[in-house]
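Student: Structure incoming, see below.
The values are calculated or read from the model by the stated rules, or taken from the named source; none is laboratory data. Every value quoted in this text rests on a predicted model; they were computed, and no experiment measured them. Ideal geometry is used to build each Cβ from the backbone, glycine not excepted, and the neighbour counts take in all protein chains shown.
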Amino acid sequence: MDAGGTSVTIGMAANVYVGLEATSGNPGGVLTLGTATFDNVSVDSAAAPAPVITSVSATTGSIGSQVTISGSHFGASQGSSLVTLNAVPMTINSWSDTSITITIASGAATGYLVVSVGPSMNDSNNVYFTVTTQPLPSGWFDQDVGNVGILGSAGYSNGTFTVSGAGGGIQYAADGFHFVYKPLSGTARSWRV
């Protein structure tokens, strides 16, 4: 269940019905229909655990660039499984239970990257990916932090980063911004802007 970007885990009895619900919200709604859309639906059980993306080698890329998706429960081979970006299937280069390498396909657009494991097409968590002609340098990543209202983006060209973000920033009780970062490990480091 996804409630505004927050995953919720619910313990259940041994036998249950799992489904999707829509209502008009009108108590006398006999003649009124309400419509809901559900994407990235995944049902996780001991028999078929949902695929999980734990990291990607890049969060931006151009058409034709390669991206490695790391995680678990992808399945030993591709079979009928696929990876989509904004609902467009990507070209699969390699597939294992914990790693998939894709090429960003022609026609791909910025949106959510999702692993769908067949035959039931059980969907993974999604990762926002920006298709751009100016991808971030290798080892750099970007993501929205907090409640931003509008998805942000980032690019890099001629030694200059361009970052677009929404949200209230970091000066309020709840942060909201777009963040470009490079993971570092080891002893203390310094940097300059």
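Student: Go through region 168-183 residue by residue and tally those that are surrounded by fewer than 15 Cβ atoms within 10 Å (Cβ to Cβ) and in a loop (DSSP other than H, G, I, E, B). Steps first, please.
Tutor: Restricting attention to region 168-183, the residues satisfying the condition of being surrounded by fewer than 15 Cβ atoms within 10 Å (Cβ to Cβ) are 169-174, 181-183.
Within this subset, residues satisfying the condition of being in a loop (DSSP other than H, G, I, E, B) are 170-174, 182-183.
Adding up the residues that qualify gives 7.
Student: Just to be sure I understand the filter: pairs with C-beta atoms under 8 Å, separated by 6 or more residues or on different chains, first member in region 76-91 and on the phi < 0 side of the Ramachandran plot, second member outside any loop (DSSP other than H, G, I, E, B) and aromatic (Phe, Trp, Tyr). Which pairs pass?
Tutor: Here the result reads Ser77/Trp95; Gln78/Trp95; Ser81/Trp95; Leu85/Tyr112; Leu85/Phe129, each pair linking region 76-91 to a residue that is outside any loop (DSSP other than H, G, I, E, B) and aromatic (Phe, Trp, Tyr).
Student: Of everything in region 114-145, what is polar (S, T, N, Q) and assigned to a loop (DSSP other than H, G, I, E, B)? Give them in sequence order.
Tutor: If we filter region 114-145 for residues that are polar (S, T, N, Q), which is where we start, we get 116, 120, 122, 124-126, 130, 132-134, 138, 143.
If the condition is that a residue be polar (S, T, N, Q) and assigned to a loop (DSSP other than H, G, I, E, B), then Ser120, Ser124, Asn125, Asn126, Thr132, Thr133, Gln134, Ser138 are the ones that fit.
Student: Only one residue in Gly152, Gly165 is surrounded by 19 or more Cβ atoms within 10 Å (Cβ to Cβ), over 18 Å from Val56 (Cβ atoms) and in contact with a His (Cβ under 9 Å, 6 or more places away or on another chain), so which one is that?
Tutor: The match here is Gly165.
Student: Among the residues of region 106-129, write down those that are within 15 Å of Gly64 (Cβ to Cβ) and either buried (at least 17 other Cβ atoms within 10 Å of the Cβ) or out of contact with any strand residue (DSSP E or B) (no Cβ under 8 Å at 6 or more places or on another chain) (or both).
Tutor: Kept after step one, since they are within 15 Å of Gly64 (Cβ to Cβ), are these residues of region 106-129: 106-109, 129.
Residues satisfying the conditions are Ser106, Ala108, Phe129.
Student: How many residues, within region 82-113, are part of a strand (DSSP E or B) and aliphatic (A, V, I, L, M)? Reasoning before the result, please.
Tutor: Filtering region 82-113 down to residues part of a strand (DSSP E or B) leaves 82-85, 88-89, 91-95, 99-103, 111-113.
Of the ones still in play, those that are also aliphatic (A, V, I, L, M) are 82-83, 85, 88, 92, 100, 102, 113.
Final tally of qualifying residues: 8.
Student: Please tell me if Gly11 is loosely packed, with under 14 Cβ neighbours inside 10 Å, modelled with pLDDT of 65 or more and farther than 19 Å from Met121 by Cβ.
Tutor: yes
Student: Sort out which residues of region 53-103 are under 15 Å from the mean Cα position of the chain (by Cα), within 24 Å of Ile150 (Cα to Cα) and of a type in the set (A, V, I, L, M), and write them in order of number.
Tutor: Ile53, Val56, Ala58, Leu85, Ala87, Val88
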